[in-house]
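Everything below concerns the one structure shown next.
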Amino acid sequence: MMKINSIKGMHDLFSSQTQNWKQIENLLHNFFDIHGYGEIRTPVVEKADLFNRVIGDETDIVNKEMYSWKDQGGDVLALRPELTAPSVRSYIEHSMDKRNKVAKLYYIGPAFRRERPQKGRQRQFYQYGIEAIGSEHPEQDAEVISMAYNIFNMLGVENLELVINSVGSRETKKKYSKILKEYLSDNVEDLSDVSKERYAKNPLRILDSKSKEEQNIIKGAPSILESLDDSEKKHFAQVQRFLDKLNIPYTIDPQLVRGLDYYTLTTFEIRTQSIGSQDALCGGGRYNNLVEQLGGKSIPAIGFAAGMERLMMALNLDKQTAEAKIDVFVISAGDDAVTNSLKICDTLRNQLGIKVMMDFTRGSFKSQMRQANKLNAEYVIILGEEEIKRKVGIIKTMSSGEQFEAPLDTIHKHFDVEHSKDDE
Ligand code: AMP
């Protein structure tokens, strides 16, 4: 029969990797907790409209990359391509604004985009991120940006680059789009087909272009920062002042508009050269119209999302596998020994909470010893037919090779550190 493989760009993670993942996830849970952010877990499937409405019809994510299908009931559903829209959907649905002036949420979970897979780009990937919903003030921007940065910094990611910008309100974006279009009007023919389409529908996105020729054209474009009104300029200046106070290093790039349509005012991205061409570790920004756009009140918000796989790459934990190690391996020969083996494992785990395994293949003594070595067992307990007859077992310390016999009914006591201390 033909075997069935996983889907391109979607990967299995094994225990040698999930051990590292769990460690990083635990650090993240703790980091968010001490900042007063609470975890939210939303479904991986949502109505496709949620994303169509907020991410924008003209973005790649919605246009080309979203996994969506018609459900048997007639609804068009989608695998979430990001977690901000679901978080805001949940915020509105459960009237979270009534509970706290500012709702502070974080998430860690899978997202799906049908992109062309390459290093650092998958079709199922994990994102962690936060949403602070309810404050329009620049100190909230500073908290969110500094949290995003501090995670990488705390974990020791090198060559960090934080880039910030302000794209202003929806009106400012519209005003600037016109200015940009005017500037580009002489060069439309030199633009790629994709950019030509964007020129017509969403010119701001041309600034995201990675192509060298287009970058050359864009370089001379008027800065969006000049289109900001006074209060928008003041907001951005205050964000910078707060970041300076917090010793967060950043550069300003007026071309950082980010792919998603919902951003207003502050946008930011964190990159590192050490993970290859897909160098974005994290992206975020303000989205002051999103809550209202999804049917809620007019409530301002800001957040960020970061990729777990890219974080693991930046930490060099993507290839490095955690080493297996167990406390005790029980080797047994014969039916009676198997019964005793099961019992001893059970007692050691339940009474002492130590990590114990035994053979399940009824292999030879040699093969069981090989298993114990492979698992890096600190001790083995050997239950041969001869020993069982005499109601004893052999405890062997693997590092020194030393061994001694102990009565079967109290053999577990030799692994009780507290107990042996009492004996001394
Ligand atoms: P975005 O929602 O596009 O701003 O992405 C936020 C972060 O998620 C990026 O900075 C990446 O770290 C990560 N990310 C986005 N798309 C992918 C992907 N296809 N594969 C792996 N990581 C991704």
>> Just to be sure I understand the filter: pairs with C-beta atoms under 9 Å, separated by 6 or more residues or on different chains, first member in segment 246-264 and closer than 10 Å to Ile164 by Cα and in contact (Cβ under 8 Å) with a residue 12 or more places away in the chain, second member part of a loop (DSSP other than H, G, I, E, B) and of a type in the set (S, T, N, Q). Which pairs pass?
In response: Pro254/Ser223; Gln255/Ser223
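Could you check how many residues of segment 79-91 are in a helix (DSSP H, G or I) and either within 12 Å of Gly129 (Cα to Cα) or in contact with a Leu (Cβ under 6 Å, 6 or more places away or on another chain) (or both)?
Of all residues in segment 79-91, those in a helix (DSSP H, G or I) come to 84-91.
Within this subset, residues satisfying the condition of being either within 12 Å of Gly129 (Cα to Cα) or in contact with a Leu (Cβ under 6 Å, 6 or more places away or on another chain) (or both) are 84-85, 87-89.
Summing the residues that are in a helix (DSSP H, G or I) and either within 12 Å of Gly129 (Cα to Cα) or in contact with a Leu (Cβ under 6 Å, 6 or more places away or on another chain) (or both) in segment 79-91 gives 5.
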>> I need a count of the residues in segment 376-413 that are exposed (fewer than 15 other Cβ atoms within 10 Å of the Cβ) and within 45 Å of the chain's Cα centre (by Cα).
In response: 5
>> Suppose we filter segment 29-41 for residues that are surrounded by 13 or more Cβ atoms within 10 Å (Cβ to Cβ) and out of contact with any Leu (no Cβ under 7 Å at 6 or more places or on another chain); how many remain?
In response: 5
>> Here are the criteria: (1) at pLDDT below 95; (2) surrounded by 12 or more Cβ atoms within 10 Å (Cβ to Cβ); (3) over 19 Å from Tyr263 (Cβ atoms); (4) within 16 Å of the ligand (Cβ to nearest atom). Tell me which single one Gly56 does not satisfy.
In response: (3)
> Of all residues in segment 207-244, which are touching an Asp or Glu at 6+ places or on another chain (Cβ under 9 Å), at pLDDT below 90 and of a type in the set (A, V, I, L, M, F, W, C)?
Replying inline: Ile217
> Yes or no: Leu348 modelled with pLDDT of 95 or more, crowded, with 16+ Cβ neighbours inside 10 Å, more than 16 Å from the ligand (Cβ to nearest atom) and over 21 Å from the mean Cα position of the chain (by Cα)?
Replying inline: yes
>> Contact list please: Cβ distance under 8 Å, first residue in segment 143-164 and of a type in the set (Phe, Trp, Tyr), second residue part of a strand (DSSP E or B), pairs at least six apart or on different chains.
In response: Tyr149/Leu160; Tyr149/Leu162; Tyr149/Ile270; Phe152/Leu160; Phe152/Ile270; Phe152/Thr272; Phe152/Leu281; Phe152/Cys282
> Among the residues of segment 245-260, is any part of a helix (DSSP H, G or I) and touching an Asp or Glu at 6+ places or on another chain (Cβ under 9 Å)?
Replying inline: no
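The values are calculated or read from the model by the stated rules, or taken from the named source; none is laboratory data. Keep in mind that what you see is a predicted model, and the values were worked out from it rather than measured. Cβ: placed from backbone, ideal geometry, glycine included. Neighbour counts: every protein chain shown.
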